[in-house]
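The values are calculated or read from the model by the stated rules, or taken from the named source; none is laboratory data. Since we're looking at a predicted model, the values are computed, not measured. FYI the Cβ positions are ideal-geometry reconstructions off the backbone, even for glycines, and counts take in every protein chain you see. When the accessible area is computed, the model is the full protein with side chains, heavy atoms only, and any ligands, DNA or RNA have been set aside. Shrake-Rupley method; radii C 1.70, N 1.55, O 1.52, S 1.80 Å.
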Amino acid sequence: MPDLQAAWQEATLTAGQIIQDLDGRLRPGKNWRMDVTDEFANPLYVIHVCADKPR
């Protein structure tokens, strides 16, 4: 990606597609995480999805 903004945009689009493809398989009490790194594996962002039941 040419810059951090482009990396963030691609990460959020990809995360949305992956979550959509889970097709109901993400269950309460389970979490999903995407680590976004640069070409040298340096961390740039982490996207967390937490599935919880209301208390």
*Does Arg33 qualify as being in contact (Cβ under 8 Å) with a residue 12 or more places away in the chain, surrounded by fewer than 11 Cβ atoms within 10 Å (Cβ to Cβ) and among the charged types (D, E, K, R)?*
yes
*In region 45-55, which residue that is in contact (Cβ under 8 Å) with a residue 12 or more places away in the chain and over 13 Å from Ala15 (Cβ atoms) is surrounded by the fewest Cβ atoms within 10 Å (Cβ to Cβ)?*
Lys53
*Any residue in region 1-15 that is acidic (Asp, Glu), out of contact with any helix residue (DSSP H, G or I) (no Cβ under 9 Å at 6 or more places or on another chain), part of a loop (DSSP other than H, G, I, E, B) and open to solvent by less than 100 Å² (accessible area, probe 1.4 Å)?*
yes
